[in-house]
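The values are calculated or read from the model by the stated rules, or taken from the named source; none is laboratory data. All figures in this text were calculated on a predicted structure; none of them were measured in a lab. Every residue, glycine as well, gets a Cβ built from its backbone with ideal geometry; the counts of neighbours run over all protein chains shown. Quick note on the areas: whole protein, heavy atoms, side chains included, nothing else; ligands and nucleic acids left out. Shrake-Rupley method; radii C 1.70, N 1.55, O 1.52, S 1.80 Å.
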Amino acid sequence: MRLFIAEKPDLARALVEGLGGNGTRRDGYYDCDADVVTWAFGHMLQLMEPEDYDSCYKIWRLEDLPLLHIPWRKKPQPDKAKQLEVILDLLKRASSVVHAGDPDDEGQLLVDEILHYANCRLPVQRVLINDNNPKLVRRALDALRDNREFAGLSASAEARAVGDQLYGYNLSRAYTLVAQKQGFQGSLIVGRVQTPILGLVVRRDREHAGHTKVGYHTVSAEIAVAGLTFPARYRLKPTDPVDDKGRLNDPLHAKALAEAVLGQPATLLTAETKATEVAPPLPYNLLKLQTDASRLLGLRPDVVKDLTQSLREKHRLITYNRSDCQYLSVEQHADAPAVLAAIGATAPDLATAVAKAEPTRKSRAFDSAKVSAHHAIIPTETRADPETLTEPERQIYDLIARAYVAQFHAPQRLERTEVMVNMLDHRFICKAALVTQPGWTALTQEEEETETEESPLCLDLRSLTPGQEGTCVKAETTRRETKPPPLYTMASLLTDLTRVAKYVKDPDLRAELLKKDAGKEGEHGGIGTPATRDTILKTLFERSYLEERGKSLASTGLGRELYDALPDIAKFPDMTALWHRQQRAIQAGEQDTESFIRDLASFIAQEVTAVQTNGLPLKIPVLPCPRCQRPLRRFANGTKGPFWSCSGRAEGTCTYSCDDKDGKPVPRPDPAVSVLHKCMGCGQGLKRRDSFKTKGEFWWSCSGYPTCRYTYPDLKGKPDYSKKKKA
């Protein structure tokens, strides 16, 4: 029996069709005579957490760090245990295996880790499928390869997963524990991807707040030539007074220029028109879809991913939704008539656009060489009654469908004209663009783009020719001010996550990160993946590191404090770039996963020592313990609700605690020192205290605490000396 293990159910169905289409559906697999096809649901296993190795790690302690377990182990994901058991049982009956994970490092690891967990010793072949088109699946089945050829990919993904866990668990615990000793009231969670994303926002906020306005001047004129009047901007000369950014900074000079040319003859030195075409934008990948959904619909990235999951799994209306690719295979072009018909039935608003589409037109999106582990997100041939979809589902389907239909419409055609005017040896420029054929742009839901000083004007200047004469009928100067970098919006932050390489401090590492995305459309040294970015952003909001301010998002005070407490390696994308270099070495067999993890553990140990020694530069109000002056900490989950306790309790040096009211400690009145009852340890007077845990109960402590630590139970209002003990 040959067992195929597919990464997901829809690939399993495609494999069955590729094998002849005669599979019988069983509980968790298809029986295809000599072949059996089963499937995973993404990663079926997860790394064990520290407390899985030893329950003592449930309590966070600095002395336990760094937490490191070699060999690391994995456990079944609880919600996938049933299907995992199906796979494990089939492996016991199989004589060989075909690995059908996605053709990338995560897809390689996903099935390899199941085989490792099962201690599988069977021969394993690899099938590489990035398109479920039956023709391509059959072609892939005829080109099986030895799975051992891809061991480097699996090892690289394993190193990244184990490294992320090691990095996050250890540094989060270290920073949190040190911060709590300083009176901090929460947790400081650190992650290889999460923290640099926070860093992007913090730095942008500070650039925005710290911007100093700089004034500069522009000179513009209106030129009348042959019955046409058009505006033109002054072109700077080398002799003009400018600032370090090349902007005119002398108002008197600018005014003199405007006064000089007003009413003067104007000669057209050049007037050139060029016809250009603008192809439709590529179909969506997940990140581009999340970006447009945020900009046009105000939907958050995690919501968009959930909506696409529903459209794919529940309604079967779109293809794989977590793709990072915007291209389609050439073979998919033949599906166009059926897909377009399905769009017309499912999205009535697009029926006219579908009717005008040309299914024979082949856009640049159909390029098999550029399809990665998955192809772009497009509609399927499935039709649905629009009333069965929620409004957000309809909106997301509409975006995906419009992008697909646009591939079968003509390009936008424009004629761009650039005119250079001479007046008294001063040059003025006008750029204009005229749309001669809207083409695919008639389908878009784009918001109007913000005009800039350099935006071409919507004018027809095609009739102008060099040498024509005219007059300057208006000239003026305008004082402008530089603007700060805008605060991030969700859309602009998502876009920036695809090109964080520009923020890497080390130029060699920056090149490494750019190399990672070489050849990818829309990715230029990015951080995170389409499947994880939205989850990370959601986490940053949930942990109160980021907040929304109208349409913008910004860092919170807590987020900025965390940022300021971290070393540069943690808050810039350099760590991701460094890991990519090491993972390429692992893929090539030049480094192994364990040495990568041990090197990372050494770095973490150094960082733990540094933060223990130097503390954290947190600016937080500290509430001192009335007994020992250490910071008090607030605990939200006491038996009777929130309470406060001395941070020295964890070290066993102080047991002070008190009630909470409206988030503030309510100090308990210090009991009087008894003149009748003395401590048997030192002879000083005792204090009768009420029990914090049980109302109406009491106990006695020495007034010499903390020098003397004797305590006594209460017996009818007196200390029970027979049961003395040291605290």
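General remarks:
- Of all residues in the stretch 689-723 being farther than 15 Å from T655 by Cβ and open to solvent by 90 Å² or more (accessible area, probe 1.4 Å), the one that is modelled with the lowest pLDDT: K695
- Tally, over the stretch 110-130, of residues that are closer than 17 Å to P530 by Cβ and open to solvent by 10 Å² or more (accessible area, probe 1.4 Å): 1
- Here the stretch 175-213 is the region considered, the condition is being of a type in the set (V, I, T) and under 17 Å from L618 (Cα atoms), and the residue that is nearest to the chain's Cα centre (by Cα) is T195.
- E272 meets each of the listed conditions (1) within 30 Å of A442 (Cα to Cα); (2) of a type in the set (D, E); (3) out of contact with any Asp or Glu (no Cβ under 9 Å at 6 or more places or on another chain) apart from (3).
- Any hit, the stretch 55-63, residues being assigned to a loop (DSSP other than H, G, I, E, B) and modelled with pLDDT of 95 or more: no
- Any strands (runs of 3 or more DSSP E) falling wholly within the stretch 548-666 and containing at least 2 residues that are closer than 30 Å to L68 by Cα: 632-638
- For the stretch 437-458, the candidate set comprises residues that are modelled with pLDDT of 90 or more and open to solvent by 50 Å² or more (accessible area, probe 1.4 Å); within that set, the residue that is nearest to L296 (Cα to Cα) is P438.
- Lone qualifier among E561, E547 - being within 30 Å of L296 (Cβ to Cβ) and either of a type outside the set (K, R) or in contact (Cβ under 8 Å) with a residue 40 or more places away in the chain (or both): E547
- Residues in the stretch 497-518 that are in a loop (DSSP other than H, G, I, E, B) and not aliphatic (A, V, I, L, M): T498, R499, K505, D506, D517.
- Number of positions in the stretch 82-116 that are more than 19 Å from A14 (Cα to Cα), hydrophobic (A, V, I, L, M, F, W, C) and out of contact with any Cys (no Cβ under 6 Å at 6 or more places or on another chain): 8
- Qualifying strands (runs of 3 or more DSSP E) (wholly inside the stretch 6-54; at least 3 residues being under 26 Å from N321 (Cα atoms)): 35-39, 45-47
- Of all residues in the stretch 381-427, those that are polar (S, T, N, Q) and crowded, with 19+ Cβ neighbours inside 10 Å total 3.
- Of all residues in the stretch 210-235, those that are under 19 Å from N422 (Cβ atoms) and modelled with pLDDT under 95 have Cβ atoms under 8 Å from Cβ atoms of residues that are of a type outside the set (D, E, K, R) and assigned to a strand (DSSP E or B), 6 or more apart or on another chain, in A226/G470.
- Of residues in the stretch 1-54 being more than 29 Å from G163 (Cα to Cα) and polar (S, T, N, Q), the one modelled with the highest pLDDT: T38
- The stretch 483-509: number of residues that are under 30 Å from A293 (Cα atoms), in contact (Cβ under 8 Å) with a residue 60 or more places away in the chain and not hydrophobic (A, V, I, L, M, F, W, C): 10
- Matching residues, the stretch 594-637, being at pLDDT 90 or above and of a type in the set (A, V, I, L, M, F, W, C): F596, I597, L600, A601, F603, I604, A605, V608, A610, V611
- Among the residues of the stretch 574-602, those that are surrounded by 17 or more Cβ atoms within 10 Å (Cβ to Cβ) and either touching a strand residue (DSSP E or B) at 6+ places or on another chain (Cβ under 7 Å) or within 16 Å of L171 (Cβ to Cβ) (or both) comprise D574, M575, T576, L578, W579, I597, L600, A601.
- Qualifying residue in the stretch 69-85 (condition: touching a Leu at 6+ places or on another chain (Cβ under 7 Å) and closer than 20 Å to D599 by Cβ): yes
- Filter result for G528 (under 19 Å from L198 (Cα atoms), assigned to a loop (DSSP other than H, G, I, E, B), within 21 Å of the chain's Cα centre (by Cα) and modelled with pLDDT under 90): yes
- Tabulated pairs, the stretch 78-102, first in contact (Cβ under 8 Å) with a residue 12 or more places away in the chain and in a loop (DSSP other than H, G, I, E, B), second open to solvent by 20 Å² or more (accessible area, probe 1.4 Å) and of a type in the set (A, V, I, L, M, F, W, C), C-beta under 7 angstrom, 6+ apart or interchain: A94/M1; A94/L122; S95/M1; S95/L122
- Residue pairs meeting the criteria (Cβ under 7 Å; at least 6 apart or on separate chains; first closer than 12 Å to Q185 by Cβ and surrounded by 11 or more Cβ atoms within 10 Å (Cβ to Cβ), in the stretch 633-656; second at pLDDT below 70 and aliphatic (A, V, I, L, M)): P642/A636
- Y57 vs. criteria open to solvent by less than 50 Å² (accessible area, probe 1.4 Å) and more than 35 Å from the chain's Cα centre (by Cα): no
- F230, sole failed condition from (1) over 30 Å from T436 (Cα atoms); (2) in contact with a strand residue (DSSP E or B) (Cβ under 6 Å, 6 or more places away or on another chain): (1)
- Hits in the stretch 458-473 - residues which are of a type in the set (S, T, N, Q) and assigned to a strand (DSSP E or B): T471
- There is no residue in the stretch 367-377 that is under 17 Å from Y397 (Cβ atoms), open to solvent by 10 Å² or more (accessible area, probe 1.4 Å) and touching an Asp or Glu at 6+ places or on another chain (Cβ under 9 Å).
- Unique match (being farther than 27 Å from V178 by Cβ and within 39 Å of the chain's Cα centre (by Cα)) among T707, T639: T639
- Residues that are surrounded by 13 or more Cβ atoms within 10 Å (Cβ to Cβ) and modelled with pLDDT of 90 or more within the stretch 657-679 comprise V673, S674, H677, K678, C679, listed in sequence order.
- Test: residue in the stretch 540-550 that is of a type in the set (F, W, Y), surrounded by 15 or more Cβ atoms within 10 Å (Cβ to Cβ) and modelled with pLDDT under 90: no
- Restricting attention to the stretch 104-150, the residues being without any contact (Cβ under 8 Å) to a residue 12 or more places away in the chain and of a type in the set (G, A, S) number 0.
- One residue from K515, K502 being open to solvent by 50 Å² or more (accessible area, probe 1.4 Å), out of contact with any Ser or Thr (no Cβ under 6 Å at 6 or more places or on another chain) and at pLDDT 85 or above: K502
- Filtering the stretch 402-420 to residues that are part of a helix (DSSP H, G or I) and not aliphatic (A, V, I, L, M) leaves R402, Y404.
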